[in-house]
Amino acid sequence: MSINTYYSKTLLVGSQHKSPYNTGGLFNLHNNFALACIIFEEYRLFSCLTHCKSTGAFLLTTMMLFPGKTFADPILNKILSTHSITLAWVDNTRPISWQFNNKPSGMAIDICLDVVQSIEKRYNTKLKVKWMKIPAAARFEVISDNHADILCAVAANSVQRNKIVNFSIPWFYTKMNFLAKKPAQIMNEELLSGHNVGVISGGTSALELAKMNEIYNYSISVRLVRDFNEGFGLLADGHISAFITDDVIIRGKLAEMPNKEDYRVSQEGFGTTLEYGLVVAKNADEMEEIINSKIKSLFASKRFDELYNKWFMSPLTSPEDNVQLPMSQHLLNDKLRYQN
């Protein structure tokens, strides 16, 4: 049977089909797309090849593939209709995310993969995972511009960032910290005054340092860098006195350094507490709900402890490469709340 014959039968089915989605009306309304459907046994099994040229056609296809539910979330619609999901990640932020054995690795990566499994189970489908490696300075724009579906990386929630993206509930807490060579004699944040330091462009550390300069009259000279690798490189080469970023990233970097005894960090970290979440687009409300549900279930089960011990309390690449960062009181409180 020809494609034209299938198309004619599809129009007939659409005009006669009675359902809460009013698909017949959508077929008549959106005639600028090509749809080929092979129909078996009273139209109960559909194998559809679709080329969408309008929002109506796109939503119609999703409803046919997932009958009984409509999706107001365009990100979830795209994921389910294409059977693929794009996960953005940032390199050189151990143990949150980095490249190990030629693939993305880390705590954020594992949580995202658990979310993918949750979507597959919820909608009885199989998703192809596409990884998108991005620079740290552009990580939120990648999500807000819909180039990726979930950000699986260092992502501290803030009022400013919430204007362009949505954050899940927290799965990690940290503060700022500095990494400096011992000859610089920087023992605490106050002694950063008068020094040239590096921070990620658009990061929370840059905003915090600006506040410190204003409130405490520090004279910290800030050099903006695009990613973590650049910042650590400038420090190693002596172009800056310290690199300032999240405490967990500092400790992850220090753990892998062969000459770690040449560097100094703040023992407690400083600044306000930062909440890490997975990040989705502003209109991805159903995706956000799915992610939040998965994170709560991780806390309520042994899975979160397994992941945390794997990335924060165990050797990563060698016996000496161990972050050794016990779970914070914030995380312990979250575990107790979700378990109850």
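The values are calculated or read from the model by the stated rules, or taken from the named source; none is laboratory data. This is a predicted model, so every value here is computed, not measured. Every residue, glycine as well, gets a Cβ built from its backbone with ideal geometry; the counts of neighbours run over all protein chains shown. Surface accessibility is based on the protein's heavy atoms, side chains included, excluding ligands, DNA and RNA. Shrake-Rupley method; radii C 1.70, N 1.55, O 1.52, S 1.80 Å.
Residues considered: Ile249, Ile240. Of these, the only one that is in contact with a Lys or Arg (Cβ under 9 Å, 6 or more places away or on another chain), more than 20 Å from Ala108 (Cα to Cα), open to solvent by less than 20 Å² (accessible area, probe 1.4 Å) and among the β-branched types (Val, Ile, Thr) is Ile240. Looking across region 262-320, just one residue is out of contact with any helix residue (DSSP H, G or I) (no Cβ under 8 Å at 6 or more places or on another chain), crowded, with 20+ Cβ neighbours inside 10 Å and assigned to a loop (DSSP other than H, G, I, E, B), and that is Gly277.
Tell me, please, whether a residue that is open to solvent by 20 Å² or more (accessible area, probe 1.4 Å), of a type in the set (Phe, Trp, Tyr) and over 17 Å from the mean Cα position of the chain (by Cα) can be found in region 123-142. Yes. Each residue in region 180-191 was checked for being modelled with pLDDT of 90 or more and surrounded by 16 or more Cβ atoms within 10 Å (Cβ to Cβ), and 4 of them qualify.
Do the conditions hold for Glu208, that is, is it surrounded by fewer than 20 Cβ atoms within 10 Å (Cβ to Cβ), acidic (Asp, Glu), at pLDDT 90 or above and in a helix (DSSP H, G or I)? Taking the combined requirement at face value, the residue does not satisfy it. Taken together, Asn146, Asn92, Asn124 contain a single residue that is of a type outside the set (A, V, I, L, M, F, W, C), out of contact with any Asp or Glu (no Cβ under 9 Å at 6 or more places or on another chain) and either within 30 Å of His195 (Cα to Cα) or without any contact (Cβ under 8 Å) to a residue 60 or more places away in the chain (or both), which is Asn124. Of all residues in region 103-122, those satisfying the criterion of being open to solvent by less than 20 Å² (accessible area, probe 1.4 Å) and not in a loop (DSSP other than H, G, I, E, B) are Ser105, Met107, Ala108, Ile109, Ile111, Cys112, Asp114, Val115, Val116, Ile119. Residues that are aliphatic (A, V, I, L, M) and either crowded, with 23+ Cβ neighbours inside 10 Å or assigned to a strand (DSSP E or B) (or both) were ranked within region 164-179; the one that is nearest to the chain's Cα centre (by Cα) is Val165. Determine whether region 86-102 contains at least one residue that is open to solvent by 20 Å² or more (accessible area, probe 1.4 Å), within 20 Å of Ala284 (Cβ to Cβ) and either modelled with pLDDT of 55 or more or in contact with a Cys (Cβ under 7 Å, 6 or more places away or on another chain) (or both). For region 86-102, residues open to solvent by 20 Å² or more (accessible area, probe 1.4 Å), within 20 Å of Ala284 (Cβ to Cβ) and either modelled with pLDDT of 55 or more or in contact with a Cys (Cβ under 7 Å, 6 or more places away or on another chain) (or both): present.
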